[in-house]
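First comes the structure, then the notes that go with it.
Just so it is clear, none of the values below were taken in a lab; they were calculated from the coordinates. Please read these numbers as outputs of a predicted model, since none were measured by experiment. Quick reminder, even Gly has a Cβ in these numbers, built from the backbone with ideal geometry, and neighbours come from all protein chains shown.
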Ligand code: HEM
């Protein structure tokens, strides 16, 4: 198994990823790239190169163009974490790795579980989970780590409840999810993490096939059974994706959003006075912080002219959502944080086009319930460490704080 593709790129290319210099803002290199109006070719940390798109219009065009593939098994896919998993027990492709027409068919089978009507049914349980986590925070030691007590458990409990995964196993799946998302995790460890998650969910789904329960994975088994055969391995891959994407992203958004509010007390006060502004704040936090900005990677399957360059078939491209979300052509005064922004939902934090995040309305709901409860229950929350001393996930595919020491 090789970790690199043939690499003839000139040494002068900038290295990617570039680190954020402020936890809230995109790396400073993005602005001149965007102003140039052209795609930029960069060298990837593990070897190989990729193109970067930084203008909102180009990112949207690329993500909506079937000549760019999401299939991570294609050579030259621009991985930020070592090389693709290619071992014999490899993760079976799930929707995030599929192209049309298969992608649309498989996505359709699960999309209904994330409809607004379904999510409204989940709201009371989400509120209960958030209440319980704040009870635990307030009853425990002061100061405390908000990531460990609230930001990580809330989305983990929500996605476990929805899928029918026992929360008692959270340490098992959280550790493996983080290993998958961290760039320095060795290929063999990533392979083991994904195999273990896949095996765990395969067994769980097999048990649900025998004794169905009232949860998403049992419903998926029943639907498949009605139409003929049950693809347990395919469902296990879907479950791995939903479990990992469903807790790590939202957890980082909760952690980083809280830090942003604590670093901007005027905003904290404005939201406490006008709870109706929370929906606008959720949207603006998603745009401004763009925690999953590199999730939108593709590989060209034909030559395509875009952003002033010719991207050749077989070359990788990443639509940098954080750059697009700060594009002045898409947002007036883009570096200002404005919860009353017109067209505030037109951001790229959840991607764009056919692969746009399936869990986006669940994430919005969790963030809304979390922020409303935070402002009501702990209005005087403060940071218990200097912001410069916090550790951030510069080394992971989803950005956020590792810990958030708070006091009240
Ligand atoms: C704030 C939280 C979240 C952020 C920022 C986020 C971000 C994203 C982004 C940028 C994509 C597009 C990937 C691409 O274009 O290839 C995506 C796709 C996806 N997300 Fe999320 N996500 C979040 C929460 C969730 C949650 C809660 C779930 C699960 C319930 C979820 C499940 C998925 C799935 C299954 C896909 C793949 C969809 C497809 O390929 O058709 N995400 N997400």
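Before moving on, here are some points about what is shown:
- Rg(Cα)/(2.2 N^0.38 Å) for the range 291-408, N = residue count: 1.35
- FRET efficiency estimate (nearest 0.05) - Cβ-Cβ, residue 372 to residue 105, R0 51 angstrom: 0.85
- In terms of overall dimensions, the range 10-407 has a Cα radius of gyration and Dmax of 20.7, 59 angstrom.
- Rounded to 5, the percent of DSSP beta bridges in the chain classed as antiparallel: 80
- Across the range 10-407, C-alpha contacts under 8 Å between residues 6 or more apart give a mean separation that, scaled by the residue count, equals a relative contact order of 27 percent.
- The residue 211 and residue 189 beta-carbon pair, evaluated with R₀ = 30 Å, returns a calculated FRET efficiency of approximately 0.35.
- Taking the Cα atoms of the range 173-317, the ratio Rg/Rh between the radius of gyration and the Kirkwood radius comes to 1.09.
- Packing-based exposure ordering (other Cβ within 10 Å, fewest first) of 253, 33, 122: 122, 33, 253
- FRET efficiency estimate (nearest 0.05) - Cβ-Cβ, residue 116 to residue 387, R0 60 angstrom: 0.95
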